[in-house]
Amino acid sequence: MRTSIVVIPAMLCELVTGFFLLLFPVNQVPIDWAYVNVIMLAGIWMSTFFLQVPCHTKLTTGFNLDTCNRLVSGNWIRTLLWSVRSITLLYLLTNGSQS
């Protein structure tokens, strides 16, 4: 529950800014990359709600090694998507107008 206090506002901010970039494109960010950005966000949110949240919920009743392993394994999906998204957005926002 304590993690939610930090994670939920950050994910909501990420969602709002992702859709803002799609609806109000910045000149140097091509619209197709704005769509890719939103698709990556959808993957992050789906992974969160369909993989991580159920594992966290199950762990509230007590430790379970299989659940912990599933949580860690499933988190690599979000790690990969967040990393690719961050690198892509950083590139687009710093070099996009030169491409």
> Within the set of pairs 6 or more residues apart or between chains, which connect a residue that is over 17 Å from I87 (Cβ atoms) inside region 19-37 to a residue that is modelled with pLDDT of 80 or more with Cβ atoms less than 6 Å apart?
Replying inline: L22/A34; L22/V38; P25/I31; P25/A34
>> Quick check on my filter: what residues within region 9-35 are of a type in the set (A, V, I, L, M) and within 15 Å of T88 (Cα to Cα)?
In response: L21, L22, V26, V29, I31, A34
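The values are calculated or read from the model by the stated rules, or taken from the named source; none is laboratory data. Remember, predicted model here, so these are calculated numbers, not experimental data. Note that each Cβ is placed from the backbone with ideal geometry, even for glycine, and that neighbours are counted across all protein chains shown.
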